[in-house]
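Below is one structure, written out as structure tokens; comments come after it.
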Amino acid sequence: TRRQLVIGSGLVLIAGASTGYALFKEPAYSSPVFAQDGLAIRGTDPVAYFTDKKPIQGTSEHYLEWNGAKWQFASAEHLKLFSDNPKKYAPAYGGYCAWAVAEKSELFSTQPVNWAIVDDRLYLNYNDAIQERWNADIANFIKLGDKNWQQIVQQFEV
């Protein structure tokens, strides 16, 4: 079975809420985002992890471009929630494997079904086995991951 874990309790919308498309002013640099075929989280709705407590596939009807990737949502409501606060809903470490960022300071792909919300932050992992490793020492992995992520992001600054 897939494992999920729930712990703990600036950008400008420019256009198109009726079409399901929103465009944001990009930051001075873009941090890397894991996007398969251009889709962040393989097209999974990032808001659903918080509201529905499970991954739900987004649709091409409800999407936006943010931080160099296309983000899909299951509903217009989820799109709006994300567009109002993308940093709240976007996964940590650009959606790359949280364990790999922490343990190896490397960018590995993820599966939407391997996830955890810790202190209101979404983390994704590579597979079930890596998720089990992550679950064994979450607090330490987050501490290491946050430190390593800062070094990784510096490589992408313009």
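The values are calculated or read from the model by the stated rules, or taken from the named source; none is laboratory data. In this text, all values refer to a predicted model and were calculated from it rather than measured experimentally. So basically every Cβ, Gly included, is an ideal-geometry build from the backbone, and we count neighbours across all protein chains shown. Quick note on the areas: whole protein, heavy atoms, side chains included, nothing else; ligands and nucleic acids left out. Shrake-Rupley method; radii C 1.70, N 1.55, O 1.52, S 1.80 Å.
Kindly indicate whether W149 is part of a helix (DSSP H, G or I), buried (at least 24 other Cβ atoms within 10 Å of the Cβ) and in contact with a Phe, Trp or Tyr (Cβ under 8 Å, 6 or more places away or on another chain). No. Would you check which residues across segment 74-117 are open to solvent by less than 40 Å² (accessible area, probe 1.4 Å), assigned to a strand (DSSP E or B) and touching a Pro at 6+ places or on another chain (Cβ under 8 Å) and list them? Once the filter is applied, which keeps residues that are open to solvent by less than 40 Å² (accessible area, probe 1.4 Å), assigned to a strand (DSSP E or B) and touching a Pro at 6+ places or on another chain (Cβ under 8 Å), segment 74-117 yields P112, W115.
Cβ-Cβ contacts under 9 Å between residues 6 or more apart (or on different chains), taken from a first residue in segment 51-68 that is in a strand (DSSP E or B) to a second residue that is acidic (D, E) and surrounded by 21 or more Cβ atoms within 10 Å (Cβ to Cβ), are listed as Q57/D45; T59/D45; H62/D45.
The single condition from (1) touching a strand residue (DSSP E or B) at 6+ places or on another chain (Cβ under 6 Å); (2) open to solvent by less than 10 Å² (accessible area, probe 1.4 Å); (3) among the hydroxyl-bearing types (S, T, Y) that Y126 fails is (2).
All of (1) open to solvent by 60 Å² or more (accessible area, probe 1.4 Å); (2) in a loop (DSSP other than H, G, I, E, B); (3) in contact with a Gly (Cβ under 6 Å, 6 or more places away or on another chain) hold for V33 with one exception: (1).
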